[in-house]
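All of the numbers you see were taken from the coordinates with simple rules; none came from a lab. All values reported here derive from a predicted model rather than from experimental measurement. FYI the Cβ positions are ideal-geometry reconstructions off the backbone, even for glycines, and counts take in every protein chain you see.
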Amino acid sequence: MATSVHIGEEGRGKGDAHPAPLARPSLPGGFFPFSLLSSLFSRNATFEHGIHPDYHKETGNLPIRRLAFAPRLVVPLSQHIGKAAICCVRVGQEVLRGQVIATADGFVSLPVHAPATGVVEAIGLMPAANGKMVDSITIRVYEADGQEVQVRAPLDVDSLDQKGLLEAIQHTGISGLGGATFPAHVKLSVPPDTVIDTMVVNGAECEPFLTCDHRVMVERTQDLMRGIRIAMKASGAPRTVIGVEDNKPDAIAAIEAALPADGSITVKALETKYPQGAEDTIIYALLGREIPAGERPASIGVLVNNVMTLAYLGRLLPSGEGLVERVLTVAGPAVERPGNYVVPIGTPLRFLLEQVGARSSASEVILGGPMMGMTISSLDVPVTKGTSGVLAFGKGQLPAETQRSYSCIKCGECLKVCPKFLNPSQLGLLAAKREYELMAERYNLDRCFECGCCSYVCPSHIPLVQQFRIAKALNRKKATV
Amino acid sequence: MSIELRTSPHQHSGRDVPVIMRNVVYSLLPICAFSIWQYGLSAAALILVVTLACLAAERINNMIRDNGNSLSDWSAVITGVLLALTLPPSFPLWMGAVAGFAAVWLGKSLFGGLGQNPFNPALIGRAFVQAAFPTAISTWVPAYMPHRFSEFIPSSLTAPFMVPPEIALWVKQQGMDAFTGATPLARWKFENITASSMDFLTGNITASAGETSAILILLCGLYLAYRKFLDWRIPVAVLGSAMLLAWAFHLAQPARYPTPTFVLLSGGLMLGAWFMATDMATSPVTPRGIWLYGALIGILTVVIRYFGGLTEGVMYAILIANATGSLLDQFNQPRILGGKKGKS
């Protein structure tokens with residue numbers, strides 16, 4: 001296991017003005033006396049267990065750049081958790097960039113905005129990242145158009161009450177942009193019997209390769225602060241803690257410089273460790289609280305939001321804009337010009353990869369990070385609101401792919417890394433015997449959030465996470481029958 | 001471009017079974033070298049023959065079961081080397097080969113191969129020959145015999161299925177008049193003479209091929225623990241519990257019971273604690289299970305040594321603890337984050 005902590009590899013650009021004050025002492029971690037020592041010296045918050053993969057954050061010092069419009073954009077109606085939006089345009093209709101092309105269907109739903117000015121070419125089933133065909137609106141983009149964003153009337157955030165604010169947030173069409181895609185306004189709607197005392201802002205970005213959150217924290221700090229204040233008002237949270245992994249000292253410095261004087265918002269450095277940015281782990285690291293198993297963070301008075309979500313909230317809400325594009329990382333060894341790009345929603349991955357010069361050797365394309373992201377089966381799949389990264393790898397460039405698997409040698413490494421303190425070894429042995437219900441009943445299968453740490457360390461190359469996914473899916477199927 | 005579908009995670013630590021096993025073998029090499037330095041040709045031949053026997057047994061098993069080649073996972077090498085290190089250097093080579101086959105077939109293949117075995121295969125092999133050849137396994141030779149690099153100990157070259165010759169006279173002819181043929185543990189048990197710590201550290205004692213230098217075993221084990229190829233909690237629990245118990249006995253009756261240092265350094269405790277008890281397949285995986293398992297080994301070792309009929313108790317202590325491993329895991333499931341204690 002790589003135990004080295006990668007500090008200062010990234011963020012060399014603007015970050016040079018702020019020499020890494022948060023670097024951990026480089027004691028060898030893990031082995032008993034040393035881990036004890038290093039935990040004594042370490043000033044940065046963290047959780048227990050987890051792994052140190054190779055972070056590959058080389059794109060962290062590359063400024064955000066804009067990508068060209070693809071000739072055709074494919075915009076799915078359901079890019080969020082909840083009910084799909086209802087299409088409100090016809091084939092042949094001209095749409096303006098930023099115009100609502102599908103409206104929210106109820107509270108747990110989001111509208112969809114046209115990502116470019118053009119004409120609706122088709123409405124129908126198109127391939128999605130998960131391999132299914134989903135209802136999508138295909139827009140042929142007008143090449144000669146200036147692509148001005150159509151905005152509604154600017155909003156005065158301060159004059160809105162909580163309810164009005166939540167409605168306005170829904171109109172932006174923003175879902176959780178870290179990848180969870182839960183509608184932002186639903187998350188910020190606190191049930192009447194619940195009091196949120198702290199909002200946690202997740203700037204950990206613990207997935208290897210991804211640096212879009214990093215760049216947004218550095219380049220769009222004011223948007224982020226505005227978004228935080230909007231979210232605090234909407235949720236009633238009196239204070240906010242921003243957690244950022246210590247491999248992004250420039251982001252921490254940028255945020256520190258923008259913090260309000262009243263102390264309601266603070267930033268804390270987190271140890272660079274995967275999965276630092278998971279809901280359970282970041283709450284534990286920053287606040288020392290555990291979410292009771294099976295409950296939401298709200299049950300302990302906490303709300304977690306991703307920096308990208310809040311930065312877009314702060315950017316779009318005051319001007320009344322809708323979400324038509326997002327910042328994402330395009331990287332991987334098969335990409336010639338990796339970096340962070342502003343990409344219109346609906347851009348097909350084929351076009352995206354052509355723009356950044358994907359090598360013809362690329363044989364695997366991942367949406368998201370390499371630990372939790374999924375490979376796609378077709379390059380016609382579009383970028384959606386939840387796409388935080390597009391990674392391309394050539395043959396043999398992903399270490400997880402080739403190795404021969406062995407039977408479980410009961411080394412127990414998986415128990416030492418599971419951030420939820422599950423027993424993946426036992427779960428894996430039960431999965432091999434197809435004891436799926438026993439896995440859920442006795443070994444807390446449903447608490448697994450598929451971070452991938454167990455598979456990452458498994459010396460026998462047992463596809464533990466995949467086994468758990470299958471077990472959960474079969475249990476769900478059984479429960480619904 | 002053609003694209004492939006795989007499931008996350010797409011990265012791996014790069015540490016797989018062969019890497020772990022190979023590193024354990026590397027860490028055993030200094031112990032082997034020291035053993036050969038002490039006992040010469042016979043120790044070298046014993047290590048070689050036992051290891052080759054284990055590999056042959058593994059390969060034959062592959063052919064019978066038609067399940068590919070499992071030699072490449074290196075686990076049979078560990079079994080062979082460890083087994084050889086627990087045998088007396090004068091052990092007849094053919095008996096060593098029997099031990100090797102017994103270790104792999106009875107200890108591992110019978111249960112389904114790598115990772116499936118409940119008991120440490122090397123110790124199964126040793127237990128087998130302890131029962132089969134009680135005289136040969138308790139016949140000892142002194143270290144540093146003058147002609148050790150040019151001639152074999154006579155018993156080493158016994159023809160297969162023959163009884164090894166008496167070597168006491170031969171040992172005397174080598175100019176080792178003071179040699180008693182008893183291990184420090186036996187001398188303590190039957191004559192109440194304890195060897196000095198210095199002798200243990202330099203390996204100037206009568207012992208199995210790889211158990212002579214506690215300090216070397218400790219260093220090799222520490223290296224593995226530092227590289228995280230073994231779980232440090234197990235040797236700490238084994239040695240800690242053995243030391244505490246021995247210390248309590250020593251305090252109660254100093255004349256009768258030896259010092260904790262003697263208990264830690266003598267016999268196979270050091271090798272067992274670092275290299276046998278830590279066998280991944282046969283030790284628990286839950287945190288509390290690991291501590292209990294280690295403590296059980298330490299306690300059983302001392303109890304067997306003090307009150308049992310045998311002079312040495314590490315082998316049976318580990319085998320008994322192996323048997324409790326899955327039970328210990330069952331009752332010590334970790335408490336999940338944000339949850340109550342895991343149910344059994």
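Taking a ≥ b ≥ c as the square roots of the Cα gyration tensor eigenvalues, with a/c under 1.5 meaning rounded and otherwise prolate when a/b beats b/c, else oblate, which class fits segment B:48-192?
Prolate.
For chain B, what is the calculated [θ] at 222 nm in deg cm²/dmol (nearest 500), taking -39500 (n - 2.57) for each run of four or more DSSP H residues and dividing by its residue count?
-16500 deg cm²/dmol
Rounded to the nearest 5, what % of the DSSP beta bridges within chain A are antiparallel ones?
60 percent
In this model, which of A:Lys187/A:Lys385; A:Lys416/B:Lys228; A:Lys187/A:Lys478 are farther than 20 Å apart at the alpha-carbon?
Distance filter (> 20 Å) returns A:Lys187/A:Lys478.
Obtain the nm distance between the two label points defined at A:Asp193 and B:Leu29 by a simple spin-label model: each point lies 7 Å from its Cα along the Cα-to-C-beta direction.
So the two model labels end up 6.7 nm from each other.
Roughly how many nanometres apart are two label points built 7 Å out from the Cα toward the Cβ at A:Gln222 and B:Thr202?
Taking the two extended label points, one gets 7.9 nm.
Hey, if you put +1 on the Cβ of every Lys and Arg and -1 on every Asp and Glu Cβ in the protein assembly as shown, which of B:Leu110, A:Ile252, A:Gly412 ends up farthest toward the positive end of that dipole?
B:Leu110
Sum up the charges of everything whose Cβ sits under 10 Å from the Cβ of A:Ile242, counting Lys and Arg as +1 and Asp and Glu as -1, but leave A:Ile242 out.
With Lys, Arg at +1 and Asp, Glu at -1, the neighbours total 0.
Which GluC sites (Glu not before Pro) does segment A:308-416 hold that lie in a coil by DSSP with at most 15 other beta carbons within 10 Å?
Listed in order of number, the matching sites are A:Glu336.
Net charge around A:Thr281, counting only other residues with Cβ within less than 10 Å of its Cβ (Lys, Arg = +1; Asp, Glu = -1)?
-1
Using a Gaussian network model of chain B whose springs link C-alpha atoms within less than 10 Å, name the residue from B:Gln130, B:Gln330, B:Gln253 with the highest mean-square fluctuation.
B:Gln253
How many nm separate the modelled label positions at B:Gln116 and B:Leu5, each set 7 Å beyond the Cα in the direction of the Cβ?
So the label points at B:Gln116 and B:Leu5 sit 3.1 nm apart.
Taking loop as defined by DSSP and a crowding limit of 16 other beta carbons within 10 Å, which trypsin sites (Lys or Arg not before Pro) in segment A:149-245 fit?
A:Arg152
Using just the Cα positions, wrap segment B:130-276 in a convex hull and report its mean projected area in square nanometres, one decimal place.
If you wrap the Cα atoms of segment B:130-276 in a convex hull and average its projections, you get 10.8 nm².
Hey, what did segment A:1-322 get for relative contact order, percent, Cα under 8 Å, at least 6 apart?
Worked out over segment A:1-322, it gives 23 percent.
Computed over the Cα atoms, what is the radius of gyration of segment A:238-395 divided by 2.2 N^0.38 Å, N being its residue count?
Taking the Cα Rg and dividing by 2.2 N^0.38 Å, one obtains 1.20.
DSSP H helices in chain B with Cα extent of 24 Å or more along the helix axis and mean Kyte-Doolittle hydropathy at least -0.5?
The qualifying helices are B:17-39, B:41-65, B:233-252, B:287-307, B:314-331.
Rounded if a/c is under 1.5, else prolate if a/b beats b/c, else oblate: with a ≥ b ≥ c from the C-alpha gyration tensor eigenvalues square-rooted, which is chain B?
Cα axes put chain B in the oblate bin.
Which value at 222 nm does chain A reach when only helices count, each DSSP H run of 4 or more adding -39,500 (n - 2.57), with the total divided by all residues and rounded to the nearest 500 deg cm²/dmol?
Calculated mean residue ellipticity at 222 nm is -7500 deg cm²/dmol.
I'd like to know which of B:Ile137, B:Trp274, B:Phe149 lies farthest towards the positive end of the charge dipole of segment B:124-276, counting +1 on Cβ of Lys and Arg and -1 on Cβ of Asp and Glu.
Ranked along the dipole, the leading option is B:Trp274.
For the protein assembly as shown, compute Rg over Rh where Rg is the Cα radius of gyration and Rh is the Kirkwood radius from the inverse mean 1/r over Cα pairs.
With Rh from the inverse mean 1/r over Cα pairs, Rg/Rh is 1.08.
Starting from the Cα gyration tensor of segment A:1-322, multiply each eigenvalue by 5, take the square root, and state the resulting semi-axes largest first in whole Å.
That gives 36, 23, 19 Å for the three semi-axes.
With a Förster radius of 35 Å, plug the Cβ-Cβ distance of A:Leu438 and A:Ser377 into 1/(1 + (r/R0)^6) and report the FRET value to the nearest 0.05.
Computed FRET efficiency for A:Leu438 and A:Ser377 comes out at 0.60.
Need the C-alpha centroid separation for segment B:223-272 versus segment A:404-418, integer Å.
So the separation of the two Cα centres works out to 28 Å.
Which of A:Gln466, A:Phe421, A:Cys454 sits farthest toward the positive end of the charge dipole of segment A:413-480, with +1 on the Cβ of Lys and Arg and -1 on the Cβ of Asp and Glu?
Ranked along the dipole, the leading option is A:Gln466.
Just how large is the dipole of the protein assembly as shown about the Cα centre, in debye to the nearest 20, putting +1 at every Lys and Arg Cβ and -1 at every Asp and Glu Cβ?
Charge dipole of the protein assembly as shown: 1060 debye, to the nearest 20.
Using a 10 Å cut-off around each Cβ, can you sort A:Phe393, A:Phe47, A:Phe182, B:Phe111 from fewest to most neighbouring Cβ atoms?
Ascending Cβ contact count within 10 Å gives the list B:Phe111, A:Phe182, A:Phe47, A:Phe393.
Just the projected area, averaged over all directions, of the convex hull on the alpha carbon atoms of segment A:413-480: how many nm²?
For segment A:413-480, averaging the hull's shadow over all directions gives 3.9 nm².
For every other residue with a beta carbon closer than 11 angstrom to the beta carbon of A:Leu353, add +1 if it is Lys or Arg and -1 if Asp or Glu, then tell me the sum.
+1
Calculate, for B:Ile60 and A:Arg469, the FRET efficiency according to 1/(1 + (r/R0)^6) with r their C-beta to C-beta distance and R0 30 Å; round to the nearest 0.05.
According to the calculation, E is roughly 0.15.
Could you tell me the center-to-center distance, by alpha carbons, between segment B:1-73 and segment A:99-115 in angstrom?
59 Å
Nearest-5 percent of antiparallel DSSP beta bridges in the protein assembly as shown?
Rounded to the nearest five, the antiparallel share is 60 percent.
Taking only the C-alpha atoms, wrap a convex hull around segment A:107-166 and report its volume per residue in Å³ as a whole number.
Considering the Cα atoms of segment A:107-166, their hull volume per residue is 141 Å³.
Which Cys in chain A stand alone, with every other cysteine's Cβ at 4.7 Å or more from theirs?
Here A:Cys87, A:Cys88, A:Cys206, A:Cys212, A:Cys408, A:Cys411, A:Cys418, A:Cys448, A:Cys451, A:Cys453, A:Cys458 come out as lacking a disulfide-compatible partner, given the Cβ-Cβ threshold of under 4.7 Å.
Just how large is the dipole of segment A:288-405 about the Cα centre, in debye to the nearest 20, putting +1 at every Lys and Arg Cβ and -1 at every Asp and Glu Cβ?
100 debye
Mind checking which of B:Ala43, B:Ala122, B:Ala159 has the largest fluctuation in a GNM of chain B, springs on alpha carbons under 10 Å?
Between B:Ala43, B:Ala122, B:Ala159, it is B:Ala159 that shows the largest mean-square fluctuation.
Taking the alpha-carbon centroid of each part, what is the distance from segment B:95-173 to segment A:189-235 in angstrom?
Value for the Cα centre distance between the two parts: 67 Å.
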